[in-house]
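Have a look at the structure below before the remarks.
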Amino acid sequence: MDGGVERQVLDYKTQQSVLLPQIASAYALSLAGKFMRETYFRINRQMELGHYDELPLLHALSSGLKAVSTAAVAWGIEACRRSCGGHGYSEASGMSALYRDALPACTYEGDNNVLLLQTARYLLKLLSPKAGASAPRGAEYLVDLSLVDTLKDKALDLSDPQTLCRIHQLRAQRLLHFAGQKMQEKMESGAEMMEAWNHASPYLTRASEAFCQTFVVTNFFDAVGAVDTNSSVYPVLRTLATFYAVMTIAERTGDFVLAEALSSDQVLQLYEQWDQLMATLRPDAVGLVDAFDWTDAVLDSCLGRFDGRVYEALWDWARASPLNRTDVLEGHRQHLLPFLKENRSKL
């Protein structure tokens, strides 16, 4: 309580650290999906004219993004459910239905690791001497060995979109080169190609995740950059995109430090920035969610009601349950009472 007024749940930092990343992810993945749809139709038109140059990159991105996005959605629903406490476990929350629908997507078209390895096959081809200088737009950084030099300045502005994108790019580049090195070492020791591939597969899936995550971050900033800077939503979306880039680094700090994309001091700076960005986003959190304009009928949730009358809705939902139509269940009268009367002497 603060001055007699109960503090809102979202004002607690622990809740913000769980829920604000889900809001940022929802926007980031929605924008990535929009880009992929537009790219799919554009490449289809090119293929009708006999141009197939961008098809391999589209396949690699769509495979990896399916794996990355479905895993993020499944975990995001579970994170939101836990944030609702015991009510989140109830069918009345609507969370269980969302989870049932989302979780199988992690294994549609095969386990997500299979799809990440599809992406890895494409990425490894970019490392071959033949492919070196011809990496397609959007993947050039993977073979740009001068990328690390752009991040050596200790006074980097860690709120700058270009800097954050380069940090993500260097991580993806280093993880891919490390995975390729592991595979090469195995083959040089006498292993067959498939054995070396199997040996390096955990590193390859990690590199594919980093590649897809880099795309999502970069695309988020590009999409925000297309918004009118005089618009009232621009600063909010710019903050949200920065928060997403920072939070995805915070979730995998070990990768970024090992890739020499960040020093330990810079990681601490990012944590401070993450905390400040949460405070900046807090006043707009509800608005960012309402902007999706999901209706109560679609959400089918007592907890996600637009009018906020959560407890009244939970009460009505419980009263409507067939188990609560009578004070005593029919099964008690039909089965339990006769059994007790018949066996009372034995008890």
### Task
Using a Gaussian network model of the chain whose springs link C-alpha atoms within less than 10 Å, name the residue from His59, His335, His177 with the highest mean-square fluctuation.
His335
### Task
Would you tell me the accessible area of Lys341, worked out with a 1.4 angstrom probe on the heavy atoms of the protein chains, in Å² to the nearest 10?
140 Å²
### 20 Å Cα-Cα reach of Lys13 towards aspartates and glutamates, excluding residues that sit fewer than 8 places from it in its own chain
Asp2, Glu78, Glu251, Glu272, Asp275, Asp284
### Message
Counting heavy atoms of the protein chains only and a 1.4 Å probe, report the per residue accessible area for the chain as a whole number of Å².
### Response
59 Å²
### Message
Which of rounded, prolate or oblate describes the stretch 101-236 when judged by the alpha-carbon gyration tensor and an a/c cut-off of 1.5?
### Response
oblate
### Query
What percentage of the solvent-accessible surface of the chain, computed with a 1.4 Å probe over protein heavy atoms, is contributed by carbon and sulfur atoms?
56 percent
### Query
For the chain, modelled as a GNM with alpha-carbon contacts under 10 angstrom, which of Ser232, Ser90, Ser30 fluctuates the most?
Ser232
#### Entry: Within-13-Å neighbourhood charge of Met278 [Cβ basis; K, R +1; D, E -1]
-2
### Task
Hey, for a label at Gln276 modelled as a point 7 Å past Cα toward Cβ, could you say which residues of the stretch 165-189 have their backbone N under 20 Å away?
165-168
## Note on the structure
The pairs in Lys66/Lys182; Lys34/Lys152; Lys125/Lys152 lying past 32 Å Cα-Cα in this model are Lys34/Lys152
## Note on the structure
If each part is reduced to its alpha-carbon centroid, the stretch 11-37 and the stretch 101-123 end up apart, in Å, by 21 Å
### Task
Any chance you could run the full-extension gain for Asn343 through Val18? It's 0.36 nm times the residue separation minus the Cα-Cα distance, nm to one decimal.
111.6 nm
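The values are calculated or read from the model by the stated rules, or taken from the named source; none is laboratory data. Everything numeric in this text was worked out from a predicted model, so none of it was measured. For neighbour counting, all protein chains shown are included, and Cβ atoms are generated from backbone atoms with ideal geometry for every residue, glycine included. Surface accessibility is based on the protein's heavy atoms, side chains included, excluding ligands, DNA and RNA. Shrake-Rupley method; radii C 1.70, N 1.55, O 1.52, S 1.80 Å.
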